[in-house]
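Please read the structure below before turning to the comments.
The values are calculated or read from the model by the stated rules, or taken from the named source; none is laboratory data. Everything quoted here is computed from the prediction, not taken from an experiment. Every residue, glycine among them, receives a Cβ derived from its backbone with ideal geometry; neighbour counts consider all protein chains shown. Heavy atoms of the whole protein, side chains included, go into the accessibility calculation; ligands, DNA and RNA do not. Shrake-Rupley method; radii C 1.70, N 1.55, O 1.52, S 1.80 Å.
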Amino acid sequence: MTTTPTTTTPPTTPPTTTPAAPQPRPRSQPGATMSEYDDVWLVIPAYNEGTVIAEVVENARKVFPNIVVVDDGSTDDSAEHILTTGAHLVRHPVNLGQGAALQTGLAYALAQPGAEFFATFDADGQHQTPDVEKMVALLRTGEADVVLGSRFIEQTGEVPWIKRVVLRTAAAVSPTARKLKLTDAHNGLRVLNRAAASKIRITHNGMAHASELVAFLASSGLRVTEVPVDILYTEYSMSKGQSLINGVNIVFDISLRSRK
C-alpha cells in the first residue's frame, strides 16, 4: 500500500495534520467504566456505509471508548457521519480494499499510548460488542494471543444456509485453516494482543486478506483459538457482503499460492 491516509481526530480534540496520538476523551456513554477497556481498540474498515456507520460506532462506544474507523475512499457521506460519533477517523483518498483499511487501522491503533488489545469489527452492524468483551477477557488470561470468532461453535444465531455451506466448505478445503482446526476461516471478528497485532502485515488489499491472515497465523507460532459469536444478518448487511462464489475462489487462490 503506497497511499498515505489522511487523519481526522475526534471532535473533542484539536485537529492535526498527522495521525498523532489523540488527547484523552471524556466518556459520556453508559456502560463503560474509566479503566475497563482503556487498553482495547476497535478497528473498523468502512466503505460507503453512511446509512449505518454512526449507529454502529455509537453502539460500540457504549462499551469500547477507543475506536478508529478507516474510511476507505467512500464516495458517500460516511466520513461526515463518523465525525459525529467521537471515533477516530482515518481516510484513504481512494478505495484500496478492506485488507488495506484494516492494516491502516491496526497501524494507527498500535501507535496509541496504552493500546494492548485490538479487535477488527465490521461497519455494517453484523458484529456484537458482547462477543468482543468475552474475546478480550480470554486474551487477558494469557492463554491465547489471537481469538477468532466462529459462527459454527455452539451456534445460536441463524446463518443463511447457502452461506453456511460455502463457509464450512471454505474452511475444510483451506490447508492453513485445517492446520489451525478452524471452523470459520472468513469471520471478520478477531481480537489480537499487542504481540500478535505488531506482527501482522496485510498485503492483500481486498477480501483475500482473510485467507492471508489465516495463513500467517498458521505459521506464526502464535496461540490461536476460536470462540462462538453471534452474527446479526440483516437485509442491509447481506447486500454488502462478500460474494460467496468469490469467497471460495479466494480460498483456492491463497491455497495454491501457499504451495508454490
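Things to note:
- Restricting attention to region 201-224, the residues that are part of a helix (DSSP H, G or I) and out of contact with any helix residue (DSSP H, G or I) (no Cβ under 9 Å at 6 or more places or on another chain) add up to 0.
- Selection count, region 119-162, where residues are among the β-branched types (Val, Ile, Thr) and modelled with pLDDT of 90 or more: 7
- Pairs where the first residue, in region 216-236, is among the charged types (D, E, K, R) and modelled with pLDDT under 90 and the second is open to solvent by 50 Å² or more (accessible area, probe 1.4 Å) and not in a strand (DSSP E or B), C-beta under 7 Å, 6+ apart: Asp230/Gln128; Asp230/Thr156
- Tabulated pairs, region 98-117, first free of Cβ contacts under 8 Å to residues at least 12 places away in the same chain, second open to solvent by 10 Å² or more (accessible area, probe 1.4 Å) and not charged (D, E, K, R), C-beta under 9 angstrom, 6+ apart or interchain: Ala107/Pro19
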